[in-house]
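Bear in mind these aren't lab numbers, they're just calculated from the coordinates by the rules spelled out. Computed from a predicted structure; not experimentally measured. So basically every Cβ, Gly included, is an ideal-geometry build from the backbone, and we count neighbours across all protein chains shown.
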Amino acid sequence: MKPHRLDITGEISMRLEMIGRIQKYALPVTMVLIPFMILTKGMIHSSHQLALVLFAAVALGAMTRNVWIFAFAAYLAAWNIGLFWTSLNTYGVPTRAIMGMDMMLYVIGGLIFFAAARMSTLRLSTLYNFFCVAAILQAVFAALQFVGVDVMLWVLNLFVPAKGKMADGTLLGTLGNPNFLAAYLAICLPFFFRKGWAWWILLLAPIMLRSWTSAAVVPAIVAALWFFWENDQVKKWRGAVIPLALGAALVYLCVMDTPFWVSPRWKFWAMAAGQLDTTGRILFGLGPGAHWAKEFPLHSEWVTILHQFGAVGLWIAAGYVLTLYRGNRFLFAAMLIALINAAGNYNLHLAPSAAMIAVIAGLIERERVSGKGPDSSWGTGI
């Protein structure tokens with residue numbers, strides 16, 4: 001079965017081919033450029049060290065063999081070089097450049113996880129099992145917290161005084177927030193669509209529902225519908241199952257603690273979008289790590305991309321999503337949940353979910369390159 005690709009023609013196709021040719025030579029070109037990078041005042045060696053980090057991301061992006069990921073890594077590196085160059089006349093390194101470099105290091109970490117997954121020789125079933133075990137551990141921790149037992153706090157208090165910031169009984173797992181826990185469990189959910197694991201959904205589902213997180217519950221419902229769309233046992237019940245599932249998602253949106261249409265996040269996003277007040281900012285954003293108003297990240301990765309990287313960054317991200325390989329239904333369903341969740345959550349700014357998303361993306365790329373074809377049957381255990 002041929003890998004799924006979006007049919008792109010004309011000038012866009014030619015530009016992608018050009019990026020693909022550049023991608024092949026990314027490693028030697030960046031290696032040659034490092035000695036010529038002057039990014040800060042003082043010892044030139046400091047500039048070379050910064051260039052090494054910046055171009056490491058570009059080289060890792062090339063290793064992914066995905067033109068969109070490579071394009072974003074190169075775009076991010078270019079933004080960081082620009083931040084350093086514009087600060088050459090200032091004393092010391094400005095906060096903006098430091099924040100940009102922090103983001104670059106974080107992206108490098110994600111690219112390493114991606115590359116490790118793409119080059120991994122472990123069977124998919126083994127990796128799926130690890131995803132399931134990780135989700136079950138978080139669900140068990142959360143279930144114990146519901147009855148007033150916080151294992152993590154108990155262990156911490158054996159060494160240092162510690163107290164949780166959330167109210168007693170709040171379901172957190174070890175992730176510090178119900179929204180983050182629900183997103184983590186939702187992304188893992190498709191891997192439970194196998195014999196021997198499906199019964200654990202009875203533990204995960206109530207915890208996800210109790211989190212009052214529409215950004216996790218609704219994507220989980222949508223992805224489950226997509227996953228089972230072609231299932232022989234479900235086909236004959238589509239007329240009843242689909243309306244019921246979508247109706248359940250709508251009801252959940254209405255009865256949760258804060259219905260999504262009155263969420264303060266709309267104000268956050270409007271405030272961030274309002275800062276794109278020039279043509280340059282609309283096209284290129286305000287740069288990596290740019291603050292929007294508050295200290296915490298925007299509750300949307302998509303709005304964050306637009307705010308920090310403009311229409312160009314959003315186009316690169318959309319290109320990756322639209323050309324994503326869909327031959328493996330377990331992996332694509334998990335990625336679909338992550339992509340929808342990213343609309344109302346900052347799951348790429350949270351190390352546990354970011355690492356999992358990077359690994360899933362790497363496995364998707366591994367499957368695309370190998371061309372193994374679809375992998376979708378409930379109960380095969382793979």
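Calculate the tail of P(r) for the chain: the fraction of all Cα-Cα distances greater than 41 Å, expressed in %. Please list the in-between numbers first.
Numbers: 12405 of 72771 pairs.
Of all Cα-Cα pairs in the chain, 17 percent lie more than 41 Å apart.
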**Item:** Order of Ser370, Ser353 - criterion: other Cβ atoms within 10 Å of each residue's Cβ, fewest first
**Value:** Ser370, Ser353
**Cα→Cβ-extended label distance, 7 Å offset, between Asp102 and Leu122, nm** = 3.0
**Fill in**
Residue ranges of DSSP H helices in the chain that stretch 30 Å or more (Cα, own long axis) and have mean Kyte-Doolittle hydropathy of at least -0.5 are 95-119, 124-146
**Complete:** Proxy exposure order for His45, His307 (fewest C-beta within 10 Å first) is His45, His307
**Prompt:** What FRET efficiency, computed as 1/(1 + (r/R0)^6) with R0 = 41 Å and r the Cβ-Cβ distance, is obtained for Thr95 and Ala245, rounded to the nearest 0.05?
**Reply:** 0.30
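With r as the distance between the Cβ atoms of Ala273 and Phe146 and R0 = 45 Å, compute the FRET efficiency 1/(1 + (r/R0)^6) and round to 0.05.
Values: r = 38 Å, r/R0 = 0.84.
About 0.75, to the nearest 0.05.
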**Nonlocal Lys pairs with alpha-carbon distance under 23 Å, the chain (8 or more apart, or different chains)** = 7
**Item:** Rough spin-label spacing in nm, given labels placed 7 Å along Cα→Cβ, for Leu209 and Val369
**Value:** 4.2
**Prompt:** In whole percent, what relative contact order does the range 17-119 give with Cα contacts below 8 Å and a gap of six or more residues?
**Reply:** 28
**Request:** Set the Förster distance to 45 Å, then compute FRET efficiency between Leu322 and Phe159 from the Cβ-Cβ distance, nearest 0.05.
**Result:** 0.40
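In square nanometres, what is one fourth of the surface area of the convex hull spanned by the alpha carbons of the range 17-119? Write down the numbers at each step before the final one.
Working: hull surface 25.7 nm².
Across all orientations, the range 17-119 yields a mean hull projection of 6.4 nm².
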**Expected 222 nm ellipticity per residue - DSSP helices of 4 or more, -39500 (n - 2.57), all of the chain, to 500** = -21000 deg cm²/dmol
**Message:** Could you check the spin-label model distance between Lys24 and Ala351? Points 7 Å from the Cα along Cα→Cβ, value in nm.
**Reply:** 3.9
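Using the 10 angstrom Cβ neighbour count as an exposure proxy, how do Ile364, Ile337 rank, fewest first? Write out the running numbers ahead of the final one.
Values: Ile364 23, Ile337 30.
Sorted ascending by nearby Cβ count, the order is Ile364, Ile337.
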